[in-house]
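First up is the structure itself, then whatever we jot down about it.
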Amino acid sequence: MTDEELKAEVTAWLAANWRGAPQRTERFGPDPRAEWLAKVRDAGWAAPRWPKEWYGRGLSDAQARIVESCFAEAKAPGTGQDRSNLWANTALAHATETFKRQIVPQLLAGEVGMCLLYSEPGAGSDLAAIRTRADKVEGGWRVTGQKVWTSGAHIADYGMLIARTDWSVPKHRGISFFFMPMRQKGVDVRPLRQITDETHFNEVFIDDAFIPEENLLGNLGGGWGVLQTALAYERSVMGDAARGARSGAKEAHGDAALLELAREAGKLSDPLVRQDVAQVIAWRMLNSLNTRRAKAELKQGTSSSIMSLGKLAMSRILHEEGRVRTELLGPESLLQGPDHPRAEDANFLSLNAYFTSIGGGTDQIQRNIIGERVLDLPREPEVDRDVAFSAVVAGR
Amino acid sequence: MTRAQRRPWERDACMTQVMTHEERTALRDSVRRLLADRCAETDVRRVMASDTGHDDALWRELAGLGVAGMLVSEDNGGSGLGPVELELVMEEFGAALSSAPMISTAMAAMLLDGARAQALAAGELIVAVAPLGVHDWTGQSDVRVAGGRAEGVARFVPDGQIADLVLLAGDDGVYAVARDAFSATSLPVFDRTRRLADLHIDGPVERICDGSRVAGALAVGLLALAGDQAGGARRVLEFTVDYARERRQFGRAIGSFQAIKHMAADLLLEAESATSAARNAAEQLAGDAADRDGALALAAFACADAYVRCAKDGVQMHGGIAFTWEHPAHLYLRRARSGAQLFGDSRHWRERFIQALEAQS
C-alpha cells in the first residue's frame, strides 16, 4: 500500500466513524472512551505496527506515523498504542498465549483499569530488594506483601506486580512478574496522603491474594527482565509527557510567569531578584535546548547522551523555582488556600518538586545511572549482588 | 538593512546556509586534527612561555584551512562561512587551549572590507578590536576620537600585543589605528593562553565604517568565546572522567565512588547545557532571529559558568596530581576564569538576559 492510499483509507475511515468521544481525565482506571477505542482496535488502527493477528496491520514505523498524524489531525484518540500503551506492550511481549488472547484486546480498548505494584516500603531505590512473596499453589500463586506509590489502585482491575518467587537465589534472579487481579479479598487499597496534601497514590496491602497460573509474564524467576522492558516503555511515555505532574490549576509555571510574578510583587527592580529569576529561566531554557539538540542528534544518527540529563535538570529547576517564588512573595508565602493562589502555587511547587527529584528514581540514583551508563564509570560494589536473598534478609 | 550593515555571511543570499552537516563535521575534524598535531599540551606550554603568546606558523596553517577568514566573504578571499561554523571551530580551539587570535579575527571580519579583509583571511594581518564607549566592557578605557586623531588607553584588549592594526569600535563609528599610532603593553595575565594588552593610542585614525556594524562584531566575539568555553568544559570533563576510571584507591577505581560519580554527572549536565547554549546562539545569530540578544546573553553566562565549574571540580576530582603545575587541569581552570571575565562577567550577562526577556514579554 502506498503512503497516499494509506492516508486516504485512514481519513475515510475517520470521516465515517469519528463523532467525538468523552475526554479522559484519569490516567489509570477504565477508560470512558472504551466504545470508541474498541472500534479503533477492531479496525486495526490501535496498534498498526503490530501483526494482524494482534489487532495490528504490520505497518512500518513510517507508515504507522502517517496513521498517527491522520488521527491527530482529526483529534481522534486511540492509535499509536504500539508505542504508548505500557500495559498492552508488556502483555504482548511477555504474557502467556491464553492470557494474551484475553487481556490484549481489553487493554487496547481501555476496558480494564491497570496499576503498577513495584515499590515497597523497604524497596525504593533498591527495587530488586522486594519482599512481597508469591508462593506456588494448585492452579496459581498466593501473594502476601505490601506495595506503595501505586496510582489508580482503587479503580484497577489488574496490577502489574513484581513478587519474590525464589528466596534461595540473589535478589535480581528470584523475582517474577504477574498481572494480579485487584478485585478480590486479600487486596486492600488505602489512599496515601502526600506532602502536598493531595492523594494521587495508594498503599496496597496484599494478604494471601490469588493469581491464576496463566497470569505469569515471562519465565518464573525472570521478572526483573520483564520489568526492564516495562520500565523502558514507561520512561518513553513519561518522556513524551510534560514533567512535574501538576494539577490543572497549578500549571502556571514557565518563563513569562516567573517574570510576571516578580513584577507583580514589585521586586523586578531588585538586582538580586533579577539574577535569581534570570538563572531559573535560563535553566529552563537550557533544558529545552538540550532536549531539542538530543532529538536533532538522534535524527542524524549520532547517539545522544543528553536525554538522560532532563530529569536531573528538571529537579533543580523545580526546586529553585519554588525557592525563588517563595522569596518573591515574602510573608504572603506563609498562607495557603483558594484565596491565596500565588502562595498556593509557590508552596505547592516547593513541595511537589520532590515528585521529580525522588519519583521514578531519586536524583542520586539518576546520577549513578548517568555516571555508569553515559560516562562509563564503574559500578559501586554491591554487597548483596551474589548472595541468596534469604541470607540478605537474615543479615538485616 | 543596507548592504554595508549586513553581516558578511548575509551579503550573498546563498551564503546564509553554506555548509551541510557533513561539510561542517569535515571542517571540525580537519581543525581537530591540525590542533591535535600542532597544539598539543607541549605546544600550549611552549606558547605560554613565549613573549608574544602567539604561534604564527600554526596561525598561517589555520588560515590555509580557511579558518582565519571564515567570516570574510569569498569576494575578499575568505571562506564566507557563518556563526554556526565559527562556533563549531571555536569548540575545538577551546578544547585544545589554542592561543590563536580567533576571537579578535572573527570580530575584525565583521568590520573590515577589501584589501584588509583579504590580509586578515590570509593570516597576514592580525587585528585587535577595542570596544569603546557603551561597548567598553572593562569600564576602564578612555580613548577619545576627534578630528581624525585618537588618544588614550584601551584596556584589556585581546591579542593587542601582536596586533598589526587596531580597530576602535564605538557607537559613532569604527576607526582603524595603524601600527605606528599605538603602542601595546602586554599584560601579566593569569591565563597565559589568552594574552591581553593595554593599547596606548596617540595618532591619526581612519574611519572605516559607521557604528551600526559594531553590535554584530561584538556578538560574534561573544559567540566565539562561548564556543571556546563549551569546548573547554567538555574536554576537561572528558579527561577528568578518564582519570576517575583509571585511578584506583581503596582497591577500586575512584569513579566507582558516588562522591566522584555524582560530581561527574552534574558536570555532564553543565557541559552539555553550555554546548546547547553556544550552538543555539550561533543558530539565532545566523538566522538573525528576534531573540538573538537573549540567546547570546544566555550563552555568555551559561558557558562561562559551566566552564568554571567543570574546570574547578575537575581539579578537585583529580586530587593532588592536579595541584601540580605539570598537570594540565589548571590550564583549563585558568582559561575558564579568564573567559568568565572577558567581555563582561556572568552577573552582567544574566542582567542582559533578563532585559531581553522583559523586552519580549
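Tabulated values for the structure
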item: Residue match in the stretch B:271-288 (condition: surrounded by fewer than 18 Cβ atoms within 10 Å (Cβ to Cβ), more than 7 Å from chain A (Cβ to nearest Cβ) and outside any helix (DSSP H, G or I)); result: yes
item: Matching residues in the stretch B:125-150 - criterion: being crowded, with 20+ Cβ neighbours inside 10 Å and either under 17 Å from the mean Cα position of the chain (by Cα) or assigned to a loop (DSSP other than H, G, I, E, B) (or both); result: B:I126, B:V127, B:A128, B:V129, B:A130, B:P131, B:L132, B:S141, B:V143
item: Selection status of B:R309, modelled with pLDDT of 95 or more, assigned to a helix (DSSP H, G or I) and either under 22 Å from B:A259 (Cβ atoms) or in the same structural domain as B:E91 (by TED's automatic domain parsing) (or both); result: yes
item: Strands (runs of 3 or more DSSP E) contained entirely in the stretch B:151-262, each with at least 3 residues that are away from chain A (no Cβ under 14 Å) and touching a helix residue (DSSP H, G or I) at 6+ places or on another chain (Cβ under 7 Å); result: B:165-170, B:196-204
item: Which numbered condition A:S119 fails, given (1) crowded, with 20+ Cβ neighbours inside 10 Å; (2) without any contact (Cβ under 8 Å) to a residue 60 or more places away in the chain; (3) under 19 Å from the mean Cα position of the chain (by Cα); result: (1)
item: Near pairs, Cβ below 8 angstrom, 6+ apart or cross-chain, from the stretch B:109-125 (farther than 15 Å from B:A178 by Cβ) to any residue that is buried (at least 18 other Cβ atoms within 10 Å of the Cβ) and among the polar types (S, T, N, Q); result: B:D113/B:N76; B:G114/B:N76; B:A117/B:S73; B:A117/B:N76; B:Q118/B:N76; B:A121/B:N76; B:A121/B:S79
item: Complete set of residues in the stretch B:315-361 that are within 14 Å of chain A (Cβ to nearest Cβ) and among the hydroxyl-bearing types (S, T, Y); result: B:S346, B:S361
item: Selected residue [out of contact with any Cys (no Cβ under 9 Å at 6 or more places or on another chain) and at pLDDT 95 or above] from B:L132, B:L112; result: B:L132
item: Count of residues meeting criterion [surrounded by 22 or more Cβ atoms within 10 Å (Cβ to Cβ) and either closer than 30 Å to B:A169 by Cα or acidic (D, E) (or both)] in the stretch B:234-267; result: 0
item: Hits in the stretch A:63-94 (condition: in contact (Cβ under 8 Å) with a residue 40 or more places away in the chain and aliphatic (A, V, I, L, M)); result: A:I66, A:V67, A:A74, A:A76, A:L86, A:A88, A:A91, A:L92, A:A93
item: Scan of the stretch B:167-211 for residues that are surrounded by 15 or more Cβ atoms within 10 Å (Cβ to Cβ) and either without any contact (Cβ under 8 Å) to a residue 40 or more places away in the chain or among the polar types (S, T, N, Q) (or both), ordered by number; result: B:L168, B:G173, B:Y175, B:V177, B:A181, B:F182, B:A184, B:S186, B:L187, B:T193
item: Residue in the stretch A:258-270 that is over 25 Å from B:A281 (Cα atoms), assigned to a helix (DSSP H, G or I) and more than 10 Å from chain B (Cβ to nearest Cβ) present; result: yes
item: Of all residues in the stretch B:60-78 being surrounded by 24 or more Cβ atoms within 10 Å (Cβ to Cβ) and outside any helix (DSSP H, G or I), the one that is farthest from the chain's Cα centre (by Cα); result: B:V72
item: Boolean, A:A47 is touching a Phe, Trp or Tyr at 6+ places or on another chain (Cβ under 8 Å) and closer than 30 Å to A:A388 by Cα; result: no
item: Number of the condition not met by A:L107 [criteria: (1) closer than 20 Å to A:R33 by Cβ; (2) assigned by TED's automatic domain parsing to the domain that holds A:A38; (3) free of Cβ contacts under 8 Å to residues at least 60 places away in the same chain; (4) not polar (S, T, N, Q)]; result: (2)
item: Selection within the stretch A:169-208 - hydrophobic (A, V, I, L, M, F, W, C) and within 19 Å of the chain's Cα centre (by Cα); result: A:F177, A:F178, A:F179, A:M180, A:L192, A:F201, A:V204
item: Tally, over the stretch A:117-146, of residues that are in contact with a helix residue (DSSP H, G or I) (Cβ under 8 Å, 6 or more places away or on another chain) and basic (K, R); result: 1
item: Extreme residue, modelled with the lowest pLDDT, among residues of the stretch A:207-233 that are in a helix (DSSP H, G or I) and small (G, A, S); result: A:A232
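Here is a yes/no grid of residues against (1) on the phi < 0 side of the Ramachandran plot; (2) at pLDDT below 90; (3) over 24 Å from the mean Cα position of the chain (by Cα):
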| residue | (1), (2), (3) |
| --- | --- |
| A:E297 | yes, yes, yes |
| A:S305 | yes, yes, no |
| A:R323 | yes, no, yes |
| A:E327 | yes, no, yes |
| A:D339 | yes, no, yes |
| A:N347 | yes, no, yes |
| A:F355 | yes, no, no |
| A:G359 | yes, yes, no |
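The values are calculated or read from the model by the stated rules, or taken from the named source; none is laboratory data. No experiment lies behind these values; they were computed from the predicted model shown. Reconstructed Cβ throughout: ideal geometry from the backbone, glycine too, with neighbour counts over all protein chains shown.
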